[in-house]
Amino acid sequence: MDENVKKRCNSENAFTSFSPSYSLEQIRQTAESNRLLSIEIEPTLSCNYHCPYCYAGRNDNVPDSELSYHEITGVVKQARDLGAERVIILGGEPLIYPKIFELIAYISSLDMSVELFSNGSLLTAETASKLFKANVRLVLKLNSFKEEIQAMLTGEADGLKKAMQALENAAAAGYARGNELLAVSTIICHANLGEMEELWRYLRDRHIIPYFEVITPQGKAVENAWLQLSSEEIRGVFEKLSALDREYGYDWEPRPPLVGDRCLRHQYSCLVTSTGNVFPCVGIDVSVGNIRETPLREIISGSEIIQDLRNHLNTIKAPCGACKLADECYGCRGTAYQMTGDWLASDPLCWRGDRNKHSIRTLPIDAAGLIPHKAPMQLIDSLDKVGEKIFVSSVKIAPDNQFLSPDGEMIESAYIEMIAQTMAAGNNFREQSKSGGMLAGVKDFLVHGSCRAGDKLKITCTKKIKFDNWSIIYGEVCRGNKLIAEGELKIWMTS
């Protein structure tokens, strides 16, 4: 066995990918103090490939309002001031960004390291050399050794030729010489399922770190669901690669979403999109703030989603939350969110919880089990969405609804109760409790229209202020696209 492999195997961090060797204690302290160890940034969504599993969806409609170079460097400095040691540059295709080397130089000037994900199509020998001299950790893309499959998974007829040329250029520049600066990203899907071991061995033999991951069902991957594997198929891949990797001196326990690795980035990182929105991660594509409006420090400390994830031992639901690996793994939060609507749900693609998957709750969900109200006082049918300080419910007005007036119209006070019940249902779903509450006040409540039996209503509840058990919320009731009631409520929730 190669001596470099032996050394890596005997090191404190025996994982296989680019994940830095942060200790669990270091991660815990970072989470508790609302700081960062790394940050992910999209300088642009522009891309010259058309991968059918791309999380970003369509790349032929790049936003006009992408961040300026000054705004990007500003958020990098904010991240550094919060303790971040690494900047992970995503896309789009980062090498399309015209100021990519200026950005890398700036990041390096702050004594931060750079990790860059690229499809490799633009990685000339000169570019590879510049990246290597800048000490950039490079992640290229290779999904298959078969031309037709690589073409299908990139949207480019010569995708394989470009991928192999990129690896050749990277090697010539000094990468893949046991310096752990080069990795290859490979998605695990139906199209390349039979090549996993061949690809893994190819990379290991060349001292290239394999970065194999499960597809998150979002963006284009939703349109191309045929790519997705079952949890048992994923388990087979992970276990085969675990056995294979022992030949190279790596001993790790299989668990999704990264082969040979764990994903705890929600404890110490976040994503800043090309338009300034902050997501908890690529998979949880819910904006918790925008750096053009709010400092990064305030976004992290004020986000309910980020705080939930940083307190994952107390919040992640079973089966994940009850798993023996829960202190150092919680599956893929992005997959959980995309498949259930709940970032705290168990990962549906993790085979470890297969026997208890029936207990995983998905949205929309019947409101009956989430609020104490029973008929005829229950005024919402289902909780449909949980977001960053937002809950959405719906109801179809039944002919026997007790709040219909003699002339068949809903009485105005019912709209207030619908909003209050939406708040209660959302809180109980998110916090896994059955706490009660009380409507303590109403302010500036306006009714703009009416509804009758048979009408379908959508109720949106947004938390404006929360302190201890008290919340000030803004609620809306809509029939189709028409706003029929709105106003502020003061709610007291029991612990």
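The values are calculated or read from the model by the stated rules, or taken from the named source; none is laboratory data. Treat the numbers as computed from the prediction; the structure is a model and nothing was measured. Virtual Cβ from ideal backbone geometry, glycine too; neighbours counted across all protein chains shown. Only protein heavy atoms, including side chains, enter the accessible area calculation; ligands, DNA and RNA are left aside. Shrake-Rupley method; radii C 1.70, N 1.55, O 1.52, S 1.80 Å.
Out of (1) without any contact (Cβ under 8 Å) to a residue 24 or more places away in the chain; (2) not in a helix (DSSP H, G or I), what's the single condition that is false for A151? (2) is the only condition that A151 fails.
Residues checked against (1) of a type in the set (A, V, I, L, M, F, W, C); (2) touching a Lys or Arg at 6+ places or on another chain (Cβ under 7 Å):
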residue: L309; (1), (2): yes, yes
residue: L313; (1), (2): yes, no
residue: N356; (1), (2): no, no
residue: S359; (1), (2): no, no
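For segment 116-149, which positions are of a type outside the set (S, T, N, Q) and open to solvent by less than 10 Å² (accessible area, probe 1.4 Å)? Of everything in segment 116-149, those that are of a type outside the set (S, T, N, Q) and open to solvent by less than 10 Å² (accessible area, probe 1.4 Å) turn out to be L116, G120, L123, A128, L131, V136, L138, V139, L140, L142. Only residues that are among the polar types (S, T, N, Q), touching a Lys or Arg at 6+ places or on another chain (Cβ under 7 Å) and modelled with pLDDT of 95 or more were counted in segment 451-495, giving 1. For segment 324-350, the set of residues classified as over 18 Å from the mean Cα position of the chain (by Cα), in contact (Cβ under 8 Å) with a residue 24 or more places away in the chain and open to solvent by 20 Å² or more (accessible area, probe 1.4 Å) consists of D327 only.
Part of a helix (DSSP H, G or I), open to solvent by 20 Å² or more (accessible area, probe 1.4 Å), at pLDDT below 95 and under 21 Å from Q267 (Cβ atoms), is that true of G321? Against the criterion (part of a helix (DSSP H, G or I), open to solvent by 20 Å² or more (accessible area, probe 1.4 Å), at pLDDT below 95 and under 21 Å from Q267 (Cβ atoms)), G321 qualifies. Among the residues making up segment 324-347, those that are small (G, A, S) and in a loop (DSSP other than H, G, I, E, B) are A326, G331, G341, A345, S346.
Screening segment 80-89 for residues that are aliphatic (A, V, I, L, M) and under 20 Å from N135 (Cα atoms) and picking the one that is most open to solvent (accessible area, probe 1.4 Å) gives I88. Checking each residue in segment 309-323 for being in contact (Cβ under 8 Å) with a residue 60 or more places away in the chain and out of contact with any Leu (no Cβ under 6 Å at 6 or more places or on another chain) picks out R310, N311.
When you look at D261, is it open to solvent by less than 10 Å² (accessible area, probe 1.4 Å), under 22 Å from L37 (Cα atoms), touching a strand residue (DSSP E or B) at 6+ places or on another chain (Cβ under 9 Å) and not β-branched (V, I, T), yes or no? Yes; evaluated as a whole, the condition is true for this residue.
The residues on offer are E213, E223, E247, and the sole one that is open to solvent by 10 Å² or more (accessible area, probe 1.4 Å), of a type outside the set (G, A, S) and farther than 23 Å from W343 by Cβ is E247. Within this structure, A176 passes the test of being assigned to a loop (DSSP other than H, G, I, E, B), touching a helix residue (DSSP H, G or I) at 6+ places or on another chain (Cβ under 7 Å) and either open to solvent by 50 Å² or more (accessible area, probe 1.4 Å) or of a type in the set (A, V, I, L, M) (or both). Restricting segment 444-473 to residues that are under 16 Å from E412 (Cα atoms) and within 28 Å of the chain's Cα centre (by Cα) leaves a set whose member that is surrounded by the most Cβ atoms within 10 Å (Cβ to Cβ) is I459. Return yes when S65 is open to solvent by 40 Å² or more (accessible area, probe 1.4 Å) and either at pLDDT 95 or above or outside any helix (DSSP H, G or I) (or both) and no when it is not. For S65, the condition - open to solvent by 40 Å² or more (accessible area, probe 1.4 Å) and either at pLDDT 95 or above or outside any helix (DSSP H, G or I) (or both) - is met. The residue that is least open to solvent (accessible area, probe 1.4 Å), among those in segment 371-417 that are outside any strand (DSSP E or B) and basic (K, R), is K389. Each residue in segment 355-370 was checked for being of a type outside the set (D, E), open to solvent by 50 Å² or more (accessible area, probe 1.4 Å) and in a strand (DSSP E or B), and 0 pass. Scanning segment 182-208 for residues that are open to solvent by 20 Å² or more (accessible area, probe 1.4 Å), of a type outside the set (K, R) and either in contact with a helix residue (DSSP H, G or I) (Cβ under 8 Å, 6 or more places away or on another chain) or outside any helix (DSSP H, G or I) (or both) yields H190, A191, L193, E197, H207. Looking at I39, I96, can you tell me which residue is touching a residue at least 60 places away in the same chain (Cβ under 8 Å) and among the hydrophobic types (A, V, I, L, M, F, W, C)? Going through I39, I96 in turn, just one is touching a residue at least 60 places away in the same chain (Cβ under 8 Å) and among the hydrophobic types (A, V, I, L, M, F, W, C): I39.
Report yes if F212 is closer than 29 Å to E180 by Cα, free of Cβ contacts under 8 Å to residues at least 60 places away in the same chain and not in a helix (DSSP H, G or I), otherwise no. For F212, the condition - closer than 29 Å to E180 by Cα, free of Cβ contacts under 8 Å to residues at least 60 places away in the same chain and not in a helix (DSSP H, G or I) - is met. Could you say which residue among P256, P217 is in contact with a strand residue (DSSP E or B) (Cβ under 7 Å, 6 or more places away or on another chain), in a loop (DSSP other than H, G, I, E, B) and either farther than 19 Å from K141 by Cα or not small (G, A, S) (or both)? When all the criteria are applied, what remains is P256. Restricting attention to segment 90-112 and to residues that are outside any loop (DSSP other than H, G, I, E, B) and open to solvent by 40 Å² or more (accessible area, probe 1.4 Å), the residue that is farthest from M164 (Cα to Cα) turns out to be S109.
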